[in-house]
Amino acid sequence: MAEGMVGTSKRSIALGHFLLILGCVIVAFPIWYVTVASTHSIQTILNPPLPMLPGAEAAQNYGEAFSGSITRIGGVSVERLLLNSTVMALGIAVGKIIISMASAFAIVFFRFPLRMACFWLIFITLMLPVEVRIMPTYKVMVDLGLIDTYAGLILPLIASATATLLFRQFFMTIPNELLEAARVDGAGPWRFFKDILLPLSATNIAALFVILFIYGWTQYLWPLLVTNSNSMNTIVIALRKMISFADADTPWNLVMVTSVLAILPPVLVVVLMQRWFVKGLVETEK
Amino acid sequence: MATLSLKDVRKTYGKTDVIHGVSIDIADGEFVVIVGPSGCGKSTLLRMVAGLEEITSGTIEIGGRVVNTLEPRARDIAMVFQNYALYPHMSVFDNMAYGLRIAGVRGDDLKARVAKAAEMLDLSTLLDRKPRQLSGGQRQRVAMGRALVRDPAAFLFDEPLSNLDAKLRVSMRLQIKDLQRRVATTSLYVTHDQVEAMTLADRLIVMNKGVAEQIATPMEIYDAPANMFVAGFIGSPAMNFLPATVTGSDLLISDGSRMPRPAGLQDGGVILGVRPEHLTRSRSAGPGTLTVRVLAVETLGADAFVHARLGESGSEDIVFRVPGHDRPAEGTVVSLAVDQDKVHIFDAATQRRISGM
Ligand SMILES: Nc1ncnc2c1ncn2[C@@H]1O[C@H](COP(=O)(O)OP(=O)(O)O)[C@@H](O)[C@H]1O
Ligand SMILES: [Mg+2]
């Protein structure tokens with residue numbers, strides 16, 4: 001597919017590989033560096049330069065992290081932080097997918113009054129990311145008593161114009177005849193959605209899930225605002241709290257361990273869903 | 001199985017009338033073909049019967065029951081679409097079973113019915129495949145199977161063969177006809193291809209610009225087209241039309257040649273219609289013949305179609321059929337005898353048929 005663009009001569013293949021490898025190295029280096037750092041003692045880390053190869057303290061650092069050292073710092077176990085982040089990221093990803101599929105379904109397949117008005121309203125919210133509407137959103141969450149709850153972490157981030165647009169575009173590529181065939185076969189709207197639209201959207205859903213999971217996992221500003229109690233912190237927030245302003249007070253080895261743990265779930269999601277993810281991005285099965 | 005009846009069915013989009021009042025009573029088990037040029041409203045009419053398009057006015061009855069406001073699923077019809085509209089993620093079996101499952105058919109009964117339809121369409125070995133693993137002809141058969149398996153009151157077809165190559169189209173045409181005979185289900189079939197229409201139909205509806213110009217059997221339409229549109233549309237190559245004047249004892253053609261005056265006509269201008277197969281080469285010129293100059297010859301094998309121009313300096317084009325081994329050379333002048341029993345006379349103003357045969 002891409003051959004035509006670059007050519008297939010030996011030189012251009014070599015060049016292509018070189019660029020790809022260079023890119024990988026640049027992207028992977030910080031991750032490698034963090035992983036290496038998480039296997040050294042704090043003395044080694046505080047004594048630059050940091051070695052480029054893993055040290056011998058891995059077992060001790062990771063053992064310490066899980067056996068309570070991080071608990072001593074933030075008052076919350078690392079398992080709890082990972083759980084909070086997972087719940088939030090899953091909630092946002094699943095919630096966004098459900099909401100955006102439902103609204104795209106309504107906009108594409110139903111004729112109702114103010115249909116286009118609804119579409120444009122959704123479209124306009126694209127221009128209002130969380131950061132812009134953060135004050136009113138915070139006020140609403142306080143009024144609803146959702147501070148320090150999973151609902152408070154998840155709900156405000158769910159409404160998604162981007163995903164709605166994506167599904168709208170996809171639904172519009174579904175031939176009208178298919179909808180009509182289903183109607184003649186006796187399928188009502190819900191059946192059509194469940195039996196035909198949903199399976200046909202599977203790769204799109206998978207791709208979107210990966211993107212949204214990572215989006216949710218890496219949220220910083222909103223969780224910071226909406227959680228007061230340490231036990232509701234996400235791992236990203238806790239990581240920030242572990243870093244004290246005085247360098248010497250910061251347990252850098254444990255910070256590095258926590259960092260590795262924090263990037264592990266998103267990496268797992270990408271790796272496990274890679275096949276679906278790529279399929280969803282590059283092909284539409286018709 | 002059921003009768004199907006349309007009474008003054010109309011369709012309007014905004015201010016444009018797309019269907020101008022079509023009425024027909026279709027008998028139980030009859031195969032009716034709607035034929036007409038692209039954009040004349042065939043699909044719209046069919047989709048109104050299916051319940052996919054609202055009816056602006058008039059009534060549609062299926063099996064004696066008015067279905068005007070019923071959803072497609074409540075009309076007991078099955079439809080075959082132009083692009084087949086198979087569910088891409090379902091196997092052939094599931095595609096065929098989907099409607100039955102919704103209707104509550106389960107288990108062995110479901111399997112038996114799908115198996116029976118699959119057998120009739122020679123799909124038994126393909127039941128596990130996905131649509132994308134099938135050829136065009138196989139997809140078409142699955143689309144047919146999906147309709148067949150439901151055993152509906154009526155089949156509706158919207159140009160189901162137009163995406164197939166010519167050879168497959170001919171064989172599928174025969175298969176559809178045979179299948180419809182065997183299951184004897186009332187069928188309404190849309191096509192723009194007049195050969196398909198003629199070969200399939202018990203009765204034809206010839207449509208033009210939203211008007212049903214003529215409703216009759218294929219041979220009735222061929223022998224006695226109601227107007228010049230129908231006459232020109234049905235038959236291939238199309239009928240020749242020659243302006244003529246009825247005067248004295250003659251029918252005077254524009255190039256000056258004379259035909260015997262047909263009975264029952266008043267003096268004045270008419271249009272003479274002659275099919276290419278009703279012109280034969282003649283040794284002698286004279287009354288009852290036309291003299292033409294050959295422009296081009298299309299050789300098909302058994303036959304050849306000759307395109308010619310009327311008269312020495314005439315402006316009317318004329319097409320006639322000759323045996324493949326007896327073709328005139330291009331540029332030669334030939335005489336053609338007109339089969340007087342097979343000519344059609346149309347009113348020059350209204351284009352309606354006035355006499356003939
Ligand atoms: N939704 C619509 N709005 C306005 N005009 C339409 C619509 N659908 C079809 N038409 C018009 O109705 C006419 C008949 O269309 P159609 O039934 O699809 O023709 P056919 O199937 O004979 O080719 C066409 O002129 C088309 O432009
Ligand atoms: Mg059509």
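Comparing B:61, B:119, B:53 in a Gaussian network model of chain B, where Cα atoms under 10 Å apart are tied by springs, the biggest mean-square fluctuation is seen for B:119.
Bridges between two residues of the protein assembly as shown, per DSSP, are antiparallel at a rate of about 80%. Under the simplified labelling scheme, the residue B:116-residue B:54 pair shows an inter-label distance of 3.9 nm, with each label point 7 Å from Cα along Cα→Cβ. Sequence-distant contacts, meaning Cα pairs under 8 Å at least 6 residues apart, place the relative contact order of segment A:28-101 at 20 percent. Taking the Cα centre of chain B as origin and assigning +1 to Lys and Arg Cβ atoms and -1 to Asp and Glu Cβ atoms, the resulting dipole is close to 960 debye.
So if we plug the beta-carbon distance of residue A:230 and residue B:195 into 1/(1 + (r/R0)^6) with R0 = 56 Å, what FRET efficiency do we get, rounded to 0.05? Kindly include the intermediate steps, with their values, before the conclusion.
Values: r = 81 Å, r/R0 = 1.44.
Calculated transfer efficiency: 0.10.
When only alpha carbons of segment B:240-356 are considered, Rg and Dmax amount to 14.1, 43 Å.
As a length-normalised measure over Cα pairs under 8 Å and 6 or more apart, the relative contact order of chain B settles at 15 percent. Computed over chain A, relative contact order equals 29 percent, with contacts defined as Cα pairs under 8 Å that lie 6+ residues apart. Each of A:62, B:98, A:150 was scored by other Cβ atoms within 10 Å of its Cβ. Arranged with the fewest first, they read A:150, A:62, B:98.
Computed over the Cα atoms of segment B:111-193, what is the ratio Rg over Rh, Rh following Kirkwood? Rg divided by Rh gives 0.94. Farthest toward the positive end of the dipole of chain A, out of A:88, A:44, A:127, is the Cα of A:127, where the dipole comes from beta carbon charges about the Cα centre.
Under the rule a/c < 1.5 gives rounded, and otherwise a/b versus b/c splits prolate from oblate, where does the protein assembly as shown land using the Cα gyration tensor? If you can, show how the numbers build up before the last one.
Values: a/c = 3.25, a/b = 2.58, b/c = 1.26.
Prolate.
With the simple model of a label 7 Å out from the Cα in the direction of the Cβ, residue B:300 to residue B:265 spans 2.8 nm.
Peptides B:169-181, B:139-151, B:5-17, A:249-261 ranked from most to least packed give B:139-151, A:249-261, B:169-181, B:5-17, packing being the mean of other C-beta atoms within 10 angstrom over each peptide's residues.
Given +1 on the Cβ of Lys and Arg, -1 on the Cβ of Asp and Glu, and no further charges, what dipole in debye does the protein assembly as shown carry about its Cα centre, rounded to the nearest 20?
Values: 59 positive and 56 negative charges, 178 e Å.
Once rounded to the nearest 20, the dipole reads 860 debye.
Separation of the alpha carbons by more than 27 angstrom is noted, of A:194/B:42; B:7/B:42; A:194/B:130; A:96/A:279; A:96/A:194, for A:194/B:42. Taking N as the residue count of chain B, its C-alpha radius of gyration divided by 2.2 N^0.38 Å amounts to 1.19. Residues A:24, B:40, ranked from the fewest to the most other C-beta atoms within 10 Å, line up as A:24, B:40. Along the axis of the charge dipole computed for chain B (Cβ charges of +1 for Lys and Arg, -1 for Asp and Glu, origin at the Cα centre), the listed residues B:217, B:121, B:98 are led at the positive end by B:98. Computed over chain A, the convex hull of the alpha-carbon atoms projects to a mean area of 20.8 nm². Candidates B:55, A:274, A:199 compared by Cα position along the dipole of the protein assembly as shown: farthest toward the positive end lies A:274, with charges placed on Cβ.
Chymotrypsin sites (Phe, Trp or Tyr not before Pro) within segment A:173-250: which are DSSP loop residues with at most 12 other Cβ atoms inside 10 Å? Please list the in-between numbers first.
On the way: sites: A:190, A:192, A:193, A:209, A:213, A:215, A:217, A:220, A:245; in loops: A:220, A:245.
Here the sparse-neighbourhood loop sites are A:220, A:245.
Counting Cβ atoms of other protein chains within 10 Å of each Cβ in A:168-179 and taking the mean gives 2. For the peptide B:80-90, the mean number of other protein chain Cβ atoms found within 10 angstrom of a residue's Cβ is 5.
Other protein chain C-beta atoms within 10 Å of residue C-beta, averaged over B:97-108: 3. Here each label is just a point 7 Å from Cα along the line to Cβ, and for residue B:247 and residue B:280 those points are 3.1 nm apart. Using unit Cβ charges (K, R positive; D, E negative) and no other charged atoms, how large, in debye to the nearest 20, is the dipole of chain A about its Cα centre? Value, rounded to 20: 560 debye. FRET efficiency for the pair residue B:166 and residue B:27, taken as 1/(1 + (r/R0)^6) with r the Cβ-Cβ distance and R0 = 41 Å, rounds to 0.80. Compute the angle between helix A:252-272 and the longest alpha-carbon principal axis of chain A, please, reported from 0 to 90 degrees and rounded to the nearest 10. Roughly 30 degrees, rounded to the nearest 10. Using the Cβ-Cβ distance between residue B:13 and residue A:29 with R0 = 60 Å, the FRET efficiency computed as 1/(1 + (r/R0)^6) comes to roughly 0.45.
Under 15 Å of direct C-alpha separation, and excluding same-chain neighbours fewer than eight residues apart, residue A:139 reaches these aspartates and glutamates: A:131, A:148.
For B:76, B:339, A:143, what ranking results if the residue with the fewest other Cβ atoms within 10 Å of its Cβ goes first? Working shown, then result.
On the way: B:76 17, B:339 13, A:143 8.
Sorted ascending by nearby Cβ count, the order is A:143, B:339, B:76.
For the pair residue A:20 and residue A:110 in one chain, pulling the backbone fully straight at 0.36 nm per residue adds 27.8 nm over the alpha carbon distance.
Read-outs: derived from the displayed coordinates by stated rules, not from any lab. As the structure is a prediction and not an experimental result, all values here were calculated from the model. A quick note on method: Cβ atoms are made from the backbone with ideal geometry, for glycine too, and the neighbour counts reach across all protein chains shown.
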